[in-house]
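Mind having a look at this structure? Questions to follow.
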Amino acid sequence: MTAPESADWLASVSDKDVTDPGRRRFLITGATAAGSLVLGLPAGGEAFSSSDAAENRTRQIGFFVEIAADGDVIIGSNQPEIGQGVRTALPMLVAEELDVDWARVSVKPMPLGLLKTADGYTWKYGGQGVGGSTGLTRNWDFMREVGAIARQQLIRAAAVKYEVAAKRCTTRPGYVISDDLPRDIPYGELVKTAAALDLPDHNPVLKDKENYRIVGTRQKTVDAHDIVTGVARYGIDTIKPDMRYAVIARSPFLNGRVKSFDDTAARKINGVLKVFKIDGPEPGAPYLILASGVAVVATSTWAAIKGRKALQIEWEPGPNATDSTDAFWQQNEEMLKGSGQIVTDDGQYESAIETAHKTVQRSYQIPFVSHAPLEPQNCYAHVEKDSCHIVAPTQMPGGASRAAAAVTGLPRENIHIDISRVGGGFGRRLSNDYVAEAAMISQQTGWPIKLQWTREDDVRHDFYRPGGLHEMRAGLDETGKVIAWTQRLASASKHFRRPNKPDDGLWEPELYPDDFPRRIVDNFRLEYFHHPIGLPRGSWRAPAHTANAFVIQSFLDEIAHASGQDPLQFRLDLLGKDRELEYDGHGGPTYNPGRLARLLTFVATQIGYGDKRKKDRGVGLATHFTFGGYAAHAFEVSVDDAGGLIIERIVAAIDCGLAVHPQAVEAQLQGGTIDGISTALGLQITVKDGQVQQGNFDDYPLLRIAAIPARLETHILPYDDVPTGVGEMGIPSAAPALTNAIFNASGIRIRNLPIADQLKKARAG
Amino acid sequence: MISFRVNSKQVRFDGDADTPLLWVLRDHLQLTGAKYGCGIGQCGACTVHIDGKAQRSCVLPIAALANKSVTTIEGLGDENGQLHPVQQAWLAVDVPQCGYCQAGQIMATVDFLQKHPRPSDEDIDNNMSNICRCGTYVRIRDAIHQAAKLMQKGEQQ
C-alpha cells in the first residue's frame, strides 16, 4: 500500500500532477509515556512484533497528532517550510476535523521519514517535499482524515468510558458532548481510553465546507513569534559540538576544473585547518555537485572565507570557455530560421495561416534568471563510519538523503535528515548539490562541518530559469477571430544533464501544450528547438509559466492592437464561458477558461479599465492558469518623457478554489506579484567567456520597498470547495500585465526581458 | 582583544580584527538572529544596532566595535520578555513568509522610527532599503505604520 520514495517523486512536478497513493494507509494510535494520545502512520513491519510496551510502541508511530491529558494538541508538520505557509495550513486541516481550539495547537517539525522495504524505500510520514504548489493539494484529504480519525477515536472513547452510544455523541472544540453524557468531556480526559482502542476499518465522514471553523479563516503564521524574536532556526543557524566551517572555491568557468592550486598562503590564515580539492562531474554528464573546486575548512566561517581568498588556483576553463549569452541570443535567431521539433499540431495550421485574412508575428526574449533565495545554500553534515547526520534547508529531503547516500555509500536508512526552516526556496532547493558537497567535506575530514555558500557562490552556481527566444504567429479571419496560432521556441531546456531523458523530450518542461489558447484556436502548432549552453538550468518558481504567460499575454495584446480590437474584450471573447477543457499537464486533468475570464473582468473593473486617463498613464491586463490555480493582474503605470516608469497601482486576483489559509494566499499573491515585477524590471544572468557575470545584489538587483506601489491590492475569488495550490499562481501574469500597461501608457512595447533601461532608450531614441 | 557589549552583556573577541561583526555574533557568540545574506552591505539581513543606530554587521570589522554597545534582535525586547512595539506590529500584521530577512527589517525599522516617528510612505521609500526576497513589502509598510502608532501611544501613557 505504501508509495515508493523515488528520485522522480515530485522532481517532475511541472510535468505531471503528483499524488501519493500511500497516504491513505491505515493510521494507528498509541500512547506516550506521559499518557498522551498519539495518532500516526505505522512505522514498519518490525515495529509491532518487538514490543507492546506503550512507550516503545509510540516511538515507532510516524507521529502526526498528539493530544495531551491537559488538552493541548501538538500537530506534526512533515513538509519543508520555505515561506509558503505549509506549517500553518496543513495543521489547520488536522485541527479542523479534530475539532479543537486553534489556540491550543502547537506545531512540531518532523524529520525525513524513510522506511526500507523489500521493494526499496517508502515514506514513513507520507511523501515529503515541496514544489509545484502541491503541498496543500497532496495533503488535503490525508491531513483532514488524520484529524477526523483522532476525533472519532475520542468520541468512541467517551462512549466506552461512560457507556453511551457513540452515534449519540458529537464534539465541540476540545470536548465530546452528548445529552447522554453527565457533562461535556474534555478530550484530555479521554486520551488514555482512546489510545487503547483499535481503529475501525472505515474512515469517518469529513466535514462540509459550511461547518468549517478554522479552514478558510484568517490565522497567523505559527512561527511568527520565533521569527520576530530571532529564535527561528534556519539551516544556516545550525551549531553543533565540534563543528567546523567550510567554504568551496568553485570553478568560475562553466564546466571548468581545478588545474592546480597553491594553498601556502591560505594555510597561514588564522583558523584554517584543511584545504583540499573537490572533484566536479564530467562536463555534460549527470552530476551530484555542480562544480570542481577547492574546499577550505576552518574554525569559523570568516576564517574559511579568508582562507579561500588566499588560495591561488589555476583553472582549466573546459569545454564551455567561449560560451556567452550574447552568442546564445544570436544563435537562437539562426535556429528559428530552420525547422524544429513539432510537438503539438492541431488542425491544419499551414493552410489556416496561408488563407488568413491577417497575420501577426512577433518575437519575445526571456532571459536566464537566478533564484537568489535570501538564505544562501548551506548544509550541516556529519559523516561517521556507519551513519550520517544532515541538517539542510531543502525543498526535497528525500533528494538530500539520496545525495548523502551517493557520496558516502551508506545505506539510506542510516542517513538522518533534519529539515530546518528554509530561507526561501523558489525551486533552487529542489536540487541538493550543496548537501552532496557538505557530505564530501565531512567524509574527507571526519569532522562535523557546516558548508556555507556566499552570495556570490549562490548567484554563480545556480540552476537558472531557462532563457529562450519565442517566435509567435497568429492568423485572423475577417472578423478578427484567431484561427491559427503557433509558438516556436528556441531555448536551453530545463532538463539539464538528466539521465534517461531522450533529446526528443527536452521540450517538455518548456512548452506546456495545453496552455491557453490551445483547444480554443483550432489550428494550433508548437515547435521546439533545444539550444544547449553550459549554464545549468532548473525549476524556477512556476517554471515555464513565467516565460509562456509573458509571451502569450503580450502577444494577445499585440494581436488586439494590430487588428483594432480592445485587448480586454478580445481576451474575453477567446476565453469564453465556463467549461472544462482538457489539460494533460500538471494542474490538470482539465481547466476552465471561464474562471480566467471571471478574474480578468474582476481586475479590469477594479482598476477602472475603461476610465479616461491622463497622457502618459495606462493600464494593462493579463491572466494565466498555473498548476491548477488561476490568477489575473491589472496594472496602472505612468511613463514620463524621459522613460521614467512609475507603477501607480496593481490589482491582483486569485482563484484557488477554496482558500484554506487566506492569510498565506494573500501573501503568496503579493509575493508572487512582486517577484514577477522584480524579475521583469531588472533581473538577468548573463555569461561571457564561459563565466556568469553577476554575483551579488549590486548587479542582481532584487526590488526594494521603494519600487513597490503602496496600492497593491489582492483579492481572493472563491470557487467551489476544493483548494488548489497558491505558491506559483501569483507570478506568471504579473510581468505581461506590467508591460501591457507600459504600452498603453507610452506606446513602447517591451518584447525582451528584463525591461532595464529600454524605456529610457526608447524615449531618447 | 576587542571588548564590547552585546545585548547589555560585556563580551570579548580575540580573533582577527578584520572579522565582520556578523560572524562574531553568529559563530562565536552563537547569536544567530542576525542573518547572512550578501556580505557586502546590500540586503540588510544582518542589521543590528551599534549604540542605538542600525548598521549592517556583515561589513563592520570587529576592530571598529571597541567599547561599543551592540543590540541584536535577541536583545530587542525588554528584560521581562515584552516585545518591542515594532515586533508587536510585525506580529499583528503577520509580516513574515520565509522570515529570513525579518530580523534585519525589524532592526532597521526601530532605528528608522526613532528618526521618523510619524513616517510617510515617502519616508519609508527613502530610508528602508532591506531586501525581502519573498516580497513581504506591502505588509512591512503596514507594520511600520502600525508600529509608529503603537510607539506614539506608548509615549502618551
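State the extension gain, in nm to one decimal, for the chain segment bounded by A:VAL160 and A:ASP757, taking 0.36 nm per residue of separation less the distance between their alpha-carbons.
Residue separation times 0.36 nm, minus the Cα-Cα distance, leaves 207.5 nm.
Do you know the relative contact order of chain A, to the nearest whole percent, from alpha carbon pairs under 8 angstrom that are 6+ apart?
Once divided by the residue count of chain A, the mean separation gives 13 percent.
List the residue ranges in chain A for DSSP H helices whose C-alpha atoms run 27 angstrom or more along the long axis and whose Kyte-Doolittle average is 0.0 or above.
A:543-562, A:662-682
Run the simple label-point estimate for A:LYS108 and B:GLU122 please: 7 Å along Cα→C-beta, distance reported in nm.
5.4 nm
Can you tell which of B:GLN42, B:SER8, B:GLY99 lies farthest toward the positive end of the dipole of the range B:1-143, using +1 and -1 charges on the Cβ of basic and acidic side chains (Lys, Arg; Asp, Glu)?
Toward the positive end, the furthest listed residue is B:SER8.
Another one. Mind checking which lysines have their Cα closer than 30 Å to the Cα of A:LYS192? Skip sequence neighbours fewer than 8 apart in that chain.
By straight Cα distance, A:LYS192 reaches A:LYS108, A:LYS124, A:LYS161, A:LYS167, A:LYS207.
Could you name the aspartates and glutamates in cross-link range of A:LYS450, using Cα to Cα under 13 Å and dropping any fewer than eight places away on the same chain?
By straight Cα distance, A:LYS450 reaches A:ASP237, A:ASP242, A:GLU437, B:ASP27.
For the pair B:GLN30 and A:ASP119, what calculated FRET efficiency results from E = 1/(1 + (r/R0)^6), where r is the Cβ-Cβ distance and R0 = 56 Å, to the nearest 0.05?
That gives a FRET efficiency of 0.80.
Within the range B:64-104, list the residues whose amide N lies under 18 Å from a label point set 7 Å along Cα→Cβ of B:LYS9.
B:67-82
Say each of A:ILE342 and A:ALA764 gets a label point 7 Å from the Cα, pointing the same way as Cα to Cβ; how far apart are those two points in nm?
In this crude spin-label approximation the distance works out to 4.6 nm.
Can you compute the charge dipole magnitude of chain A about its Cα centre, using +1 on each Lys and Arg Cβ and -1 on each Asp and Glu Cβ, nothing else charged? Give it in debye, rounded to the nearest 20.
With Lys and Arg at +1 and Asp and Glu at -1, about 1500 debye.
Go through the range A:629-644 residue by residue and turn each phi into a ³J(HN,Hα) via Karplus (6.51, -1.76, 1.60, θ = phi - 60°); whole Hz please, and just put x for glycine and proline.
For the range A:629-644, the Karplus-derived couplings read x, 10, 8, 8, 10, 10, 10, 10, 9, 10, 10, 7, 4, 8, x, x Hz, x marking Gly and Pro.
Please report the spacing between the Cα centers of the range A:426-463 and the range A:601-616 in Å, no decimals.
48 Å
Report the full-extension gain for the segment A:ASP201 to A:ALA33: residue separation times 0.36 nm, less the Cα-Cα distance, to one decimal in nm.
Length gained, A:ASP201 through A:ALA33: 57.8 nm.
Work out the P(r) tail for chain A: percent of alpha carbon pairs separated by more than 44 Å, whole number.
30 percent
Something else about it: Sequence gap at least 6, Cα distance under 8 Å: using those rules, report the relative contact order of chain B to the nearest whole percent.
24 percent
Based on the mean of other beta carbon atoms within 10 Å per residue, what is the order of A:494-500, A:419-425, A:243-249, most packed first?
A:419-425, A:243-249, A:494-500
What is the helix-to-structure angle for B:102-115, meaning the angle in degrees between its Cα long axis and the longest Cα principal axis of chain B, kept from 0 to 90 and rounded to the nearest 10?
70 degrees
What ranking of A:SER493, A:SER351, B:SER57, A:SER563 emerges when the number of other C-beta atoms within 10 Å of each C-beta is taken as an exposure proxy, fewest first?
With the sparsest Cβ surroundings first, the list reads A:SER351, A:SER563, A:SER493, B:SER57.
Continuing with the same structure: Are there GluC sites (Glu not before Pro) in the range A:312-405 that DSSP puts in a loop and that have at most 14 other Cβ atoms within 10 Å, and which ones? Could you put the intermediate results ahead of the total?
On the way: sites: A:GLU314, A:GLU333, A:GLU334, A:GLU350, A:GLU354, A:GLU384; in loops: A:GLU384.
Here the sparse-neighbourhood loop sites are A:GLU384.
Let me ask something else about it. Taking a 32 Å limit on the Cα-Cα distance, which of the listed pairs A:LYS306/A:LYS760; A:LYS240/A:LYS309; A:LYS259/A:LYS494; A:LYS116/A:LYS501; B:LYS68/B:LYS149 fall beyond it?
A:LYS306/A:LYS760
Could you please rank A:TYR380, A:TYR287, placing first whichever residue has the fewest other Cβ atoms within 10 Å of its Cβ?
A:TYR287, A:TYR380
In nanometres, what is the gap between the two model label sites at A:GLU334 and A:ASN500, each 7 Å from Cα along Cα-to-Cβ?
Computed distance between label sites A:GLU334 and A:ASN500 equals 3.6 nm.
Name all residues of the range A:352-381 having a backbone nitrogen under 16 Å from the label point set 7 Å from the Cα of A:ASP477 along its Cα→Cβ direction, giving them as ranges.
Taking a point 7 Å out along Cα→Cβ of A:ASP477, the residues of the range A:352-381 whose backbone N falls under 16 Å are A:352-359.
Moving to a separate point now. Pull out the extension gain between A:THR322 and A:LYS259, defined as 0.36 nm times the separation in residues minus the alpha carbon to alpha carbon distance; nm, one decimal.
In short, 20.9 nm is gained.
Every number here is computed from the coordinates shown, using simple stated rules; none is lab data. In this text the structure is predicted, and so the values were computed from the model without any measurement. Cβ atoms come from the backbone with ideal geometry, glycine included; neighbour counts cover every protein chain shown.
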